[in-house]
Structure formats: C-alpha cells, structure tokens
Amino acid sequence: MNSRGLKIFLRILAVAAAGIVVAAAILVALAVKKNMAEEFDVQPAGVPAEATDSAAGVVVGKPFPISISAELAFAFDAEPQFFFELPEGLEAVEKKLPRSEFAWTHRRIVGEVFLIAFREGEFSDAKIKIRATRSGTAEFVEREIELPEIFAKLPETAADAELALAAERIVASDSGDNRAPIVVAIAIVVVAAAIAFLILRRNNKKITPAPPPWIVATDALSALKDDVAAGRASAISAVARLSDIVRRYLAKRFSVSADAMTTPEFFATMERGDSPLSQTHRRFLHEFLTDADRVKFAGVSATATQALSAIEHATTLVKETTPAPQNPAENAAGKGGAR
C-alpha cells in the first residue's frame, strides 16, 4: 500500500472511530438520563386473539397466556413483582418469573402469566400491576397494565348440553293465548307497588355490616351445590367456581394478601409450616385440592358426583375454620359454630 492509500485508510479509520465514540457517548448520555429520571415504562399486555373475540373466547378451565413487558432503568432491581386485580371467576394459575434482557440504555423485562376462566361470559376491569424496587432501598414504583375485555366459553360438548336445556325451557313456554295485556297490567301494578314500598322505607333504611367470610362462603357453597344438583352447572365450571370460593374465603378469613400469588402459590402458602391452618386443616386442604384437580383437569367427562364431593369437602373446611360464636345472639343464629 502506497503512502496515499495509507493516508486515506487512516482517515477512514479515524472517521469510523470518531463515529463510534460519538454513538457510544450518545448511548451513555441516554442511559444516564433514563436512570437519573428512573424511567419505568410498561407495554400493553399480549393477549391471545381468541380471548378478546366475543365469538370465540378462551375455554373455561383451560389456562391461557398473558405476556408482559416493561422497560426498566438500571436504577431498579432486575426482578419486579407481579400483582393481580382480577374479577371474580378469573384467576392467575401460573406465572413465569420475569427475565431481564439487556439493552444499551435500560433493561427490558419480559414475563408471562397464565390465567384461567372459571365461568363463561365476559371479564372486564382485569389488571396486572408491576412493582419495581429501587436498588438498595425499600422504595418502589408501580405501574399498571389494564387487560382488554376477555371472553370465555364452555367446552363444545358442555355448551351443547346447556343449549339443549335452554331449548326445553323455550318449548315449555306458551305463546298461543292473548294474555299479554293482562300480564303487562299486572306487571305495572307490581312495579308501582314496589316503588312505593321502597320510597316508604328509604328514610328508615339501615346500613347492615358485611357478613363475615364464613357466612359468604357457606352461602356460595350452598348455591353452587344446588346448581350442580339441578344440572345448571357442569362439573368443570362448578369446581372452577369452587376453587374461587375457597381461595377468597381463606384470604379473608386469615387476612392473607393473595394479590401477588397464583392459585397454586396461594394454596401452597396455606399448607406451609407457618400457615394459620392447623396440621389437620392443611391435610384436609390437600385432600380437597386433590379431589378438585381430578375434576378440573378431567375436562367435561368429570361427573356431578365428583363435583358434589369436592363441594362437601370445601364446606367441611369452612365449618372447621369458622371461629366460635362470641355472644348468645350468634349462638341463636346458628351460623358459624366451630366444631
């Protein structure tokens, strides 16, 4: 290479090196800016297409994934926490720990949560919160991801069975006479009487305290048992609802914060050595979960007998963990004595 060519080469090399230095300086400046501002940005959740399609929907009892991603400044710890605010009938059953992907100016956090619907229909106002802790401190910043409306449907065979029952109800209705005006008139009278009654009682209305969790759970279990016995609820949807009832009861009964736990994690907490449940109750809970899993993961082939057995187990668990009445009035009511 002659001297002229060498000079050209060195000039090109110098320009390239200068460009690299400038680019590195810009990246460093951006990183410093992001971390000084402690930026923490979340992205919209990734939801399966069928979950947001009212004509399709996810299948009741079958987990479906929700992908979560966020951009996190290096000023925060690399492992943020997930918290859940889900409507009744929708639960988080599994979560994959968020992994951190390095970028020049920040970390990209990617995680996945598996939800499961316990009933058919529409779910709205579902939220997943991500909490990032500032490195070396107890301070944290929280961001919220709102999920779109999610739709769930029963498995095909279960849906056919429900439709057959609905068809029988429609056939049983009588539309061959001319009683419509009479029915409308009676309805108007009844509505007017109800409005008058409510107006008269409005000034005397008393605020009643919310019933204790064992009463709420007992009533819910009784209603669920009636639905199964009458054929209004399939086995898979019944046991899915049952898991929801038991989880909410135990969380309120023992003041356990369950918003950061999936269903398996929550029940594992109830079975730990420092659990508020006794050893007998923990063993009983394990037996209940075993029965419940047989129904939940057997699909639509599960029997009503299995569902009723799981409900009986849950009812016993509630009775066993209900506190003893504290006054004669509670004894007279007969709602909640512990054995």
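The values are calculated or read from the model by the stated rules, or taken from the named source; none is laboratory data. The structure displayed is predicted, hence computed values, not measured ones. Reconstructed Cβ throughout: ideal geometry from the backbone, glycine too, with neighbour counts over all protein chains shown. What goes into the accessible areas is simple: the full protein's heavy atoms, side chains included, and nothing from ligands, DNA or RNA. Shrake-Rupley method; radii C 1.70, N 1.55, O 1.52, S 1.80 Å.
General observations
- The set of residues in segment 74-101 being open to solvent by 50 Å² or more (accessible area, probe 1.4 Å), in contact with a helix residue (DSSP H, G or I) (Cβ under 7 Å, 6 or more places away or on another chain) and more than 29 Å from residue 154 (Cβ to Cβ) consists of 74 alone.
- Enumeration of residues in segment 32-73 that are modelled with pLDDT of 90 or more, among the β-branched types (Val, Ile, Thr) and open to solvent by less than 50 Å² (accessible area, probe 1.4 Å): 47, 58, 66
- Among residues of segment 217-265, those that are under 20 Å from residue 86 (Cα atoms) and open to solvent by 60 Å² or more (accessible area, probe 1.4 Å), counted: 9
- Candidates are the residues of segment 104-130 that are of a type in the set (D, E, K, R) and open to solvent by less than 60 Å² (accessible area, probe 1.4 Å); the one that is farthest from residue 45 (Cα to Cα) is 107.
- Filtered residues of segment 233-261 (kept if farther than 14 Å from residue 116 by Cβ and assigned to a helix (DSSP H, G or I)): 235, 238, 245, 246, 248, 249, 250, 251, 252, 253
- Residue 127 vs. criteria in contact with a Leu (Cβ under 8 Å, 6 or more places away or on another chain) and under 18 Å from residue 257 (Cα atoms): yes
- Meets criteria (within 27 Å of residue 267 (Cβ to Cβ) and open to solvent by 80 Å² or more (accessible area, probe 1.4 Å)) for residue 146: no
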